[in-house]
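**Q** Let me give you the structure first, and then I'll get to my questions.
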Amino acid sequence: RLQPSPTGAASAVMAAASALSPHRGWALLLAFGLTATWRSSSPSAPPAGEGDAAFAVTGHAQKPRLAGNFAAVAAAARPAAPAAPAWPGTAPAPGALLAAGGLLAVAASGAARRRRACGAVGGAPQRGARSREAVAMCGKPVCAGVVITGGAAGVGYAYADEFVRRGHQVVICDIKDPAAAVSALQQKYPDAKGLIYGTACDVSSIESVGKFVDFVKEKIGVVHYWINNAGINGGRRRFTELTPETVEAVVKVNLGGILICTHAAMRMMEQQVGVESHIFNTVGSGVKGGGTPGYVAYGATKRGLPQMTDSLVREIEEGVQGYDKMETSGKVNAHVLSPGMVFTDLLLNDSTPELRKFPFGVLAAQPEEVAADLVPKILNVSGNGKSVEFLTTDKILVKFFERFILGKKSEYIDDDGNVIKFPGAQYQDNGVRVLY
């Protein structure tokens, strides 16, 4: 069983909150509380510094409870966490009280900040100044046109499932023909005829993306949401152990592919008269500049996406200095999308038991959980340049509190770092659950 050190836990909490400076004080309080709790309640805890490597990786995923039959299976396979921790002695450790206080303050602060934010994701949608076609109350499409790259597997497929379930028209593409994915969704939703289409597309190829855009226009016409989800990581290896071809492929798909797809999508969207549309660029580990050992090329490609997106936002809103601001028939907005740690091939390939225990067992989520959380946020986004996240800083701290203070077990990873396989579900050799 993993026994993280107080120093490692504190470092993880501080790393998780480092992106949002207003929360650093509360994160420090929580880190101090965690440290004090371990020192007061665990006399056999490893010395400071031991186990720090286990906390070197921080993720971006929040895992709400599964809905439907899968939730019932999960509950049966793993006993529920105790209602209250078994504190040493008769009263909670002082450090735990500090941790809990800091945690609640962060959660309250995060909720208040989101309520105050004008047009924030998940908040009240704002009606645009210009009238848009195919809109319902609050300025949102009645039946939106949605494009998802990398939509035949993992979280991309889960996005498609959630959009179709809500009655929106969806076009997916993947490097291989996604006919099986399309067929699975058509069988799952028999009344959704005409809502899901798919075709093969290499997002790193200008020619292939051009043909894909033509396919999208033919099948659904207007596009309101374009999700750049396709990506690869090249495998978990030392940088010099990767072949030059693998390094090139990661850069071409993850960065070049998003640039090419965004360029093609914007050109199409700017011609959609009276339509406001949104492009979402998927980020991942390395996005904030921290090191990603084992994924050097992948992290470098993700680091560039916020800069690219910010540049697009300023160009759209302010124009290019020295040139007249371009007015287009359709309004385009650009955002970043963070699905976090998701139990897919991208996460579990080449993983070790230690990584699966932490951070995966604490922070990672199943694809449909991520989609159920993010799709409503995508549909409710308003304005330009937003960051749509599955796991916010306050949620990370809640997950840490549940795991390291309350002792809550992972629903998906056992104490030995193995994937928990639920009855009735099928799994690949790497532990990824088969979605269809």
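**Q** Need pairs with beta-carbon distance below 8 Å; first residue of a type in the set (Asp, Glu) and within region 169-194, second in a loop (DSSP other than H, G, I, E, B); sequence gap 6+ or separate chains.
**A** Close Cβ pairs satisfying both conditions: Asp174/Gly150; Asp174/Gly151; Asp174/Ala152; Asp174/Ala153; Asp174/Cys201; Asp174/Ala230.
**Q** Okay, moving on. Pick from region 299-348 the residues that are of a type in the set (Lys, Arg) and part of a helix (DSSP H, G or I): which of them is farthest from Val434 (Cα to Cα)?
**A** This residue is Arg314.
**Q** Exactly one of these conditions fails for Ala371: (1) modelled with pLDDT of 95 or more; (2) not in a helix (DSSP H, G or I); (3) not acidic (Asp, Glu). Give me its number.
**A** (2)
**Q** Go through the residues of region 356-367 one by one and say whether even a single one is surrounded by fewer than 21 Cβ atoms within 10 Å (Cβ to Cβ) and not hydroxyl-bearing (Ser, Thr, Tyr).
**A** no
**Q** Same structure, new question: What pairs can you find where one residue is in region 373-399 and under 25 Å from Asp161 (Cβ atoms), the other is of a type in the set (Lys, Arg), and their Cβ atoms are less than 6 Å apart, with a gap of 6+ or different chains?
**A** Pairs found: Val388/Lys377.
**Q** Run Ala364 past the list (1) over 30 Å from Gln169 (Cα atoms); (2) touching a residue at least 12 places away in the same chain (Cβ under 8 Å) and report the number of the one that doesn't hold.
**A** (1)
**Q** Can you confirm whether region 339-349 contains a residue that is within 25 Å of Tyr157 (Cβ to Cβ) and surrounded by fewer than 17 Cβ atoms within 10 Å (Cβ to Cβ)?
**A** Yes, because at least one residue in region 339-349 is within 25 Å of Tyr157 (Cβ to Cβ) and surrounded by fewer than 17 Cβ atoms within 10 Å (Cβ to Cβ).
**Q** Within region 407-415, does at least one residue satisfy the condition of being at positive phi and touching a strand residue (DSSP E or B) at 6+ places or on another chain (Cβ under 9 Å)?
**A** Within region 407-415, not a single residue is at positive phi and touching a strand residue (DSSP E or B) at 6+ places or on another chain (Cβ under 9 Å).
The values are calculated or read from the model by the stated rules, or taken from the named source; none is laboratory data. Owing to the predicted nature of the structure, the values given are computational and were not obtained by experimental measurement. Don't worry about glycine lacking a Cβ; one is built from the backbone with ideal geometry, like all the others, and counts go over all protein chains shown.
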